Amino acid sequence: MPFRPRLWPTLFTVPAVLMMLGLGTWQLDRLAWKTALIDSFESRVSAPPVPAPAVVEDMEAWRFRHVQATGRFLNDKELHLTGRPYEGTAGFHVITPFVTDDGLTVLVNRGWVPSDRRRPETRPGSVLDGTVTVNGIVLEAGRKGYFVPENEPGREIWFTVEPEQMAAHLGIGPVASYYIDVLRPPGRPTSLPIGAMASIQVRNEHLQYAVTWFLLAGTLLVIYVLWHRQMDRKEPEDAA
């Protein structure tokens, strides 16, 4: 008996299967993007450090690059990014302007501190005076998620590193358009502030998601065909 598609099951099944196949394909695209991102991060972080650039014209070429800069922190102009938990504990990221020996001023994310250590006087060992060398990676400023609020400089509430806005608030003149994320020292991994890890810690489960969507599409097609086969057998029996 020839296969005879019914109207309403077909109107439901075809769009649903196409949607599931589309979602599976999108997950494969996300998998390729995230794999490339992880590979780029790990290769650039593990590379020997280069001097921090005065100007970054191509952020894609500099993102995650391992850099070093020697100079001094402007400790009296420290800012704090709010809403930065670490292993389930609420806290802040410490953002401090850094003036290099070449005269460049760049914002440096020194790392995480718990809420009760927000102020420098509560962690005197973390205040670095004199000439120091910063070892970190280049990150793009101004990047934030859809639901991240805007900064509120008047209330000293910061969610995102915005160099021009922060420099204007601090009154320190021009700063680099990017910022440096300090890498965690190998010998002192939990000293405050706790810096970034040299390996990326992101979930990459897009392959599993893609397989799930493709399996759902296949399952729906099987159900669609079996239901029609059952109806084709049932109709002659009912007619008899």
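Couple of notes before you dig in:
- Relative contact order of the chain, taken over Cα pairs closer than 8 Å and 6 or more residues apart, is 26 percent.
- Among [x] 45, 37, 35; [y] 71, 42, 28; [z] 97, 38, 34, the entry that matches Cα extents along the principal axes in Å as calculated here: [z]
- Protein heavy-atom accessible surface, 1.4 Å probe, per residue over the chain: 59 Å².
- Computed 3J(HN,Hα) for the stretch 129-144, one whole-Hz value per residue from the Karplus formula 6.51 cos²θ - 1.76 cosθ + 1.60 where θ = phi - 60°, is 9, x, 7, 9, 10, 8, 10, x, 10, 7, 10, 6, 7, x, 7, 8, glycine and proline marked x.
- Helices that extend 24 Å or more along their long axis by alpha-carbon positions and average at least -1.0 on the Kyte-Doolittle scale are, among the DSSP H runs of the chain, 7-46, 206-239.
- For the stretch 111-228, relative contact order (Cα pairs under 8 Å, six or more residues apart, normalised by length) works out to 27 percent.
- With contacts taken as Cα pairs under 8 Å and at least 6 residues apart, the stretch 50-178 reaches a relative contact order of 28 percent.
- Of all accessible heavy-atom area on the chain, the percent that carbon and sulfur account for (1.4 Å): 60 percent
The values are calculated or read from the model by the stated rules, or taken from the named source; none is laboratory data. Note that the structure is predicted; figures quoted are calculated from it, not measured. Ligands, DNA and RNA are excluded from the accessible area calculation, which covers all protein heavy atoms including side chains. Shrake-Rupley method; radii C 1.70, N 1.55, O 1.52, S 1.80 Å.
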